[in-house]
Amino acid sequence: MTEPLVVVEGLRKTYQKGPKEVAALKDVSFEAFPGELIAIRGRSGSGKTTLLNLVGGLDRPDAGQVTIAGRSVTGMAESGLVELRRDVVGFVFQTFGLVPVLSAAENVGVPLRLAKAAAQEREERIRVLLTLVGLADHVNQRPYELSGGQQQRVAIARALANRPRVLIADEPTGQLDSQTARQIMELIRALVRSEGVTAVVATHDLGLIALADRVLELRDGLLEEAAS
Ligand SMILES: Nc1ncnc2c1ncn2[C@@H]1O[C@H](COP(=O)(O)OP(=O)(O)OP(=O)(O)O)[C@@H](O)[C@H]1O
C-alpha cells in the first residue's frame, strides 16, 4: 500500500483572545496520500486556516505532529521550516499575495531566485508554468493589470515553481466571481493530476468540494470525514 505523504496526528492549537482562550483545534488527525486533492470545509472560525498554517509550517501547534514525506515539520528548527516552505510546500491564498511592483514572470521567479536556480533554468521554468496556467501572453503584466482570476493563476504558478510535494490553498476561490472560481478550481484539479502534487484546500466552494478526492469537515476543533 502507498505510504501517506502528509501525516497529521493529534494537533491542538489554542489562541488567547483577550481574557478568553479559543480552542481552534482540539485533536485533529488525518493523512493525505500522494496525488490526492483533499478539501477541508467547515464554518467560518472552525479552524481551517489554523490547520493549513500548521501543516505548512507557518505556525507551530501546542501539541501534536505533522510529518511530510517522512520529515517532522513540527520538530523542525526555523531554518528547516524556511527550506520546507521554499522547496516542499507551495501556498495559495485567497488574496493572491503577489508582489505589486513585479511582473507575472518576476512573481513566479521569486521562489526560484530564493532556491538559487540558474538564470536559464529559471526563465524556462517560468515560461512552462505561465503556459500551464494559461498566461503565456501575460508574462510582463503587473498584478494590477491582471484580473482577479489571472492574478490567482500567477499565484498558483508561483506556488508550483519549486515543484513542491504539497500544495496548500486557503479559500483560493474566495474572492472570485462564480465563473472565474470554476475555472480556477478546474485548474487546481488538473494541476494536481498533471504535477502529481498532493493538495490540501480549505474551501466553502461547493464546486471545488465536488472535485476533491476526499472531503474532511472541521467542526468544533475536530475533523470528520464528510460525504462530498
Ligand atoms: N491569531 C489569533 N489570535 C486569536 N484567535 C485566533 C487567531 N487566529 C485564529 N483565531 C481564532 O481561532 C478560531 C479559528 O480560526 P481560523 O482562522 O483557523 O478559522 P477558519 O475556519 O479559517 O475561518 P474562516 O473560514 O473565517 O477563514 C477562530 O475562533 C478565530 O477567531
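What follows draws every value from the coordinates through simple rules; no lab data is involved. Source: prediction; values computed, not measured. In this analysis, Cβ positions are derived from the backbone assuming ideal geometry, glycine residues included, and neighbour counts consider all displayed protein chains.
The figures follow:
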{"quantity": "Residue in the range 10-25 that is over 30 Å from ARG142 (Cα atoms) and in contact with a His (Cβ under 9 Å, 6 or more places away or on another chain) present", "calculated": "no"}
{"quantity": "Single condition LEU102 does not satisfy, out of (1) in contact (Cβ under 8 Å) with a residue 40 or more places away in the chain; (2) assigned to a helix (DSSP H, G or I)", "calculated": "(2)"}
{"quantity": "Qualifying residue in the range 170-190 (condition: over 12 Å from ARG41 (Cβ atoms), of a type in the set (A, V, I, L, M, F, W, C) and in a strand (DSSP E or B))", "calculated": "no"}
{"quantity": "Residue check for VAL89: of a type in the set (Val, Ile, Thr) and either surrounded by 21 or more Cβ atoms within 10 Å (Cβ to Cβ) or touching a Cys at 6+ places or on another chain (Cβ under 8 Å) (or both)", "calculated": "yes"}
{"quantity": "Close pairs from the range 42-58: first in a loop (DSSP other than H, G, I, E, B), partner charged (D, E, K, R) and more than 7 Å from the ligand (Cβ to nearest atom), Cβ under 7 Å, at least 6 apart", "calculated": "GLY42/GLU217; GLY42/ARG219; SER46/ARG219; GLY56/ARG85; GLY57/ARG85"}
{"quantity": "Conditions (1) part of a loop (DSSP other than H, G, I, E, B); (2) touching a residue at least 24 places away in the same chain (Cβ under 8 Å); (3) surrounded by fewer than 20 Cβ atoms within 10 Å (Cβ to Cβ); (4) out of contact with any helix residue (DSSP H, G or I) (no Cβ under 6 Å at 6 or more places or on another chain): number failed by THR67", "calculated": "(1)"}
